[in-house]
Amino acid sequence: MTNQKDRFWDRFLELAQKEFAPTTYEVFILDAKLIKVEQRVAYISLLKMKMNYWKEHIHEAILPLILAAGFEVYQDELNIEYVIEDRHSVAYDEFQEGSVSQLVEEPYPKEQVTSNVSSKYRFDNFIRGEGNRFAYAASLIISETPGTPYNPLFIWGGPGLGKTHLLNAIGNAAIARDPRTRVKYVTTEEFVNEFIANIRTGKMDELKERYRTLDYLLIDDVQSLAGKEGTQEEFFNTFDALLKHDKQIVLTSDRAPAQLDGLEERLVSRFSWGTPTHITPPDYETRFAIIQKKIENYHLNFSHETIEYLANQFNSNVREIEGALNSINLVATSKGTDTVTIDLIAEALRALKPSDIKMTVIPIETIKEETAKFYGVTVKEINSTKRQQSIALARQIAMYLTRELTDYSLPKIGKEFGGRDHSTVLHSYRKIEDMIKADANLKAEINTIITKLT
Ligand code: ADP
Ligand code: MG
C-alpha cells in the first residue's frame, strides 16, 4: 500500500502535469523531490542551480496545487519549505565518471578575453512566452552555474526568434555575476575564418589556447559548419576540451542536431548531449508583450488596439516586428506626430513590404461573396445577426479572411459586418485561427477561398 506521503506527491504531480508546459514539468517539477511531510510542512528538495528559477517562476504556481493535494490526502493546509540539494543529474554524473576522473585542473592564464557579447541583448529585455520558456530557463541557469547538465546547451529554431539574443544574454549575465568570467561569443562563420587565418600564419597553438581557457564559449549559427571538414576537426577538439573541464558551451542553430547535414556524426552526437531546446514562434500574447516592451524605446503613443493590430500582423518572426516598429517610427516622424493609429501602421507596413498580400486591396464585398458562395449562404445572411450554425461559421470565416487579406482595422471590419463590435471580430478571428490549426479540412477550404480572392 502506498503511504500518505507518496499519494500526496503523486497527486501533486498529476495536478502539476496539467498546469505546466511539458518541458517545464520535466525539467523542473519532476526533478524536485519530496523529502517528508511533517507538521503541515512539505519539505521539497531542489537542485541549487534550479532554485532561483523555481522561486521566481514555479513557486507561486504550485502553491494552489500543494494546497489541493494536501487537503485531499492530509485534510490539512500544507506549507512548503525548500531544501537545497547538491547533486548532479544522472547523465551528467555518468559523463563525469566516464571521462574526467583522471583530469587534473590545469591552471590557465588570466589575461582578458574580448567577449564580443552585445550589451543590448539581456535577460531583462527578453520576453518569455510558451515558445521560448525552456530555452530561457536553461539559459538563465547556465548563466548562473556553468557546466551544468545542460552542457552543451543547444538552442535551435527559426530566424528572428531570439537565439542570438539568449546567447548574448548568457554572456552578459555571467560577466555581470563575475567580471573575471572568460566569455566568448562568436559566430560560426567567424570561428571558421579565425581558424583558417591562424593555420595560415602558424599561430594555431595560441588560438587553441585562447579557446580552451574559456569559461563560456557561445557559438552562434552552428549550421554553417556544414561541409567544412577541416574546421570541424578542430571544433570537435576544442569542444571536447572545454566539456571535459566543465566549461560551458552554448550553441544555436536554425535546425535540430539530427537535421544538420554535412556535419560529422560525432559532432552531431555531442550537440545532442545536453538538452537540445527548441524555440518556437511567439504566440499572440507573447507578441503583444514583445511589442509593448520594444515600444518603450520610442517616443510614440500606442493604444491597446494599435498594439493588438500590430501583434496580429506578424506571427513568426520578432525581427520583422522590430523592422515594423522602425518603419512606424519613420512614418510618424515624417508626419510630425507621436500618436500611432491603425492607419499609420498600415501605411508603415505597406512601405515595408510592398508585395505583401495583406496590402493588396481586396474589397470586403468580394470576400463576403466568395465565402458565402462557398458555404452556400447569402451575403445578406452573412451581414445579418442569424445564429444558425452554417451562417455563423461562414460569417466568422469571412471576418477572418478580411482580417487576413486586408489592412482594415477591427472596428472597421465590425462595422462592415452588420455593425459588430471590434471584440466580436477579434473573437471570430481567433476562433477560426484555432480551428484551422486543429482541422486540416477547414484549412483547405479556406485556402481555396483565398486562392479565388488573390
Ligand atoms: P535569431 O538569432 O533567432 O535569428 P535574434 O536573437 O537575432 O534571432 O532576434 C531577432 C530580434 O528580435 C532581436 O533584436 C531580438 O532582441 C528580438 N527578440 C527575439 N525574441 C525576443 C523576445 N522573446 N523578447 C525580446 N526580444 C526578442
Ligand atoms: Mg541569430
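In the chain, the DSSP-assigned H stretches of four residues or longer account for a calculated mean residue ellipticity at 222 nm of -17000 deg cm²/dmol, using -39500 (n - 2.57) per stretch and the full residue count as denominator.
Its relative contact order, with pairs defined as Cα atoms under 8 Å and 6+ residues apart, puts the chain at 12 percent.
Residues whose amide H comes within less than 5 Å of that of I35, counting only those at least five positions distant or on another chain, are Y43, I44, S45 (H built at 1.01 Å from N in the peptide plane).
I want the local charge near K5. Using Cβ-Cβ distances under 12 Å, sum +1 for each Lys or Arg and -1 for each Asp or Glu among the other residues.
Working: positive: R7, R11, K33, K36; negative: D6, D10, E38.
With Lys, Arg at +1 and Asp, Glu at -1, the neighbours total +1.
The residue list L214, M204, T181 was ranked by how far each Cα lies along the charge dipole of the range 172-235 toward its positive end, using unit charges on Cβ atoms, and T181 comes out on top.
Residues whose amide H comes within less than 5 Å of that of N79, counting only those at least five positions distant or on another chain, are V41, A42 (H built at 1.01 Å from N in the peptide plane).
In plain terms, the chain from N301 to E130 could stretch by 58.8 nm, reckoned as 0.36 nm per residue minus the Cα-Cα distance.
Amide H to amide H, with H built 1.01 Å from N, F154 comes under 5 Å of L251, T275, T277, counting only residues 5 or more places away or on other chains. Computed 3J(HN,Hα) for the range 2-18, one whole-Hz value per residue from the Karplus formula 6.51 cos²θ - 1.76 cosθ + 1.60 where θ = phi - 60°, is 6, 7, 4, 4, 5, 4, 4, 5, 4, 5, 4, 4, 4, 5, 5, 4, 6, glycine and proline marked x.
Expressed as a rounded percentage, what relative contact order does the range 137-265 have, with Cα pairs under 8 Å and six or more residues apart?
Values: 187 pairs, mean separation 46.3, N = 129.
Reported as a whole number, the value is 36 percent.
Here the Karplus relation 6.51 cos²θ - 1.76 cosθ + 1.60, evaluated at θ = phi - 60°, turns the backbone of the range 179-194 into coupling constants of x, 7, 4, 8, 10, 9, 9, 8, 7, 4, 4, 5, 4, 4, 4, 4 Hz, with x for every Gly and Pro.
Against the chain, whose longest principal axis comes from its Cα atoms, helix 342-352 is set at around 60 degrees. Net length available on complete extension from S119 to D10 is 34.8 nm, with 0.36 nm assigned per residue and the Cα-Cα distance removed. Distance between the pseudo-spin-label points of V41 and K203 (7 Å out from Cα toward the beta carbon): 5.9 nm. Here D283, D434, D215 are placed in order of increasing Cβ neighbour count within 10 Å, fewest first, which gives D434, D283, D215. Report the local net charge at I450: Lys and Arg +1, Asp and Glu -1, summed over other residues whose C-beta lies under 11 Å from its C-beta. So the surrounding residues net to -1. To test your reading of the geometry: what angle, between 0 and 90 degrees and rounded to tens, separates the Cα axis of helix 229-244 from the longest principal axis of the chain? The angle comes out at about 70 degrees.
Under the criterion of Cα pairs below 8 Å and six or more residues apart, the relative contact order for the range 382-454 equals 27 percent.
Taking 2.2 N^0.38 Å as the expected size of a compact globular protein, what ratio does the Cα radius of gyration of the chain give against it, to two decimals?
Details: Rg = 26.9 Å, N = 454, 2.2 N^0.38 = 22.5 Å.
Relative to the rule-of-thumb radius for its length, the chain sits at 1.19.
Straight-line reach from K18: which lysines have a Cα under 26 Å away, not including same-chain ones fewer than 8 places off? K18 reaches K5, K33, K36, K48, K50, K55, K431, K437. Once the Cα atoms are used to define both axes, helix 90-100 deviates from the longest principal axis of the chain by about 40 degrees.
Rank the residues W273, W156 as a footprinting-exposure proxy: fewest other Cβ atoms within 10 Å of their Cβ go first. The partial results should precede the final answer.
Working: W273 20, W156 23.
The most exposed by this proxy come first: W273, W156.
Every read-out reported here was derived from the displayed coordinates using simple, explicitly stated rules and does not represent laboratory data. Predicted, not measured: the structure shown is a model, and the values here were computed from it. Note: ideal-geometry Cβ built from the backbone for every residue, glycine included; neighbour counts use all protein chains shown.
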